[in-house]
1. Using just the helices of the chain, give the 222 nm mean residue ellipticity in deg cm²/dmol: DSSP H runs with n ≥ 4 each add -39,500 (n - 2.57), and the total is spread over all residues, rounded to 500.
2. With loop defined by DSSP as not H, G, I, E or B, and exposure as at most 12 other Cβ atoms within 10 Å, which is the longest segment of the chain clear of exposed trypsin sites (Lys or Arg not before Pro)?
3. Take T49, T29, T71 and sort them by solvent-accessible surface of the protein heavy atoms, 1.4 Å probe, largest at the top.
4. Label N85 and E37 with points 7 Å out from Cα along Cα→Cβ: what is the distance between them in nm?
5. How would D18, D72, D83 line up by accessible area, probe 1.4 Å, largest first?
6. Which of these, L47, L67, L59, has the largest mean-square fluctuation under a Gaussian network model of the chain (Cα springs below 10 Å)?
7. Can you sort I4, I35 by 1.4 Å-probe accessible area, starting with the largest?
8. Could you tell me the accessible area of M17 in Å² (1.4 Å probe, neighbours in place), rounded to the nearest ten?
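The values are calculated or read from the model by the stated rules, or taken from the named source; none is laboratory data. Nothing here was measured: the structure is a model prediction, and the numbers come from that model. For neighbour counting, all protein chains shown are included, and Cβ atoms are generated from backbone atoms with ideal geometry for every residue, glycine included. The accessibility values were calculated without ligands, DNA or RNA, using every heavy atom of the protein model including side chains. Shrake-Rupley method; radii C 1.70, N 1.55, O 1.52, S 1.80 Å.
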Amino acid sequence: MKIISQRELRNGSAAVMDAVEAGETFHVTRNGVEIAELRPLTQRRQLTTEEIIARRRRLPRVDAAELRRETDEFFGEDRLTDDDNPWERPRG
């Protein structure tokens with residue numbers, strides 16, 4: 001990561017954009033204060049299957065009963081019955 005001033009960005013924008021395209025990240029300053037980050041959009045790489053599995057294993061376990069209790073506490077305990085169709089609009 002490089003730090004450049006607003007003036008350097010303005011005067012050397014072509015070179016800065018070439019560097020960003022090549023993967024470089026810049027922090028831009030105005031009056032000595034960092035105000036922006038300029039980075040490539042394609043910096044994220046695709047994860048492998050093994051990396052995705054490893055990340056999933058690090059997630060906390062979810063207690064379904066506790067989740068239901070918290071959901072009911074937050075939204076209320078009104079539930080649809082088997083006869084209710086949430087997609088059907090009331091007519092009238």
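1. It comes out at -11000 deg cm²/dmol, rounded to the nearest 500.
2. Numbers: sites that count: R44, R45, R58, R61, R79, R91.
Of all site-free stretches, the longest is 1-43.
3. Output order, biggest surface exposure first: T49, T71, T29.
4. 5.0
5. On the way: D18 95, D72 25, D83 145 Å².
Listed by decreasing accessible area, they come as D83, D18, D72.
6. L67
7. My answer, sorted largest first, is I35, I4.
8. Near enough 100 Å² of accessible area.
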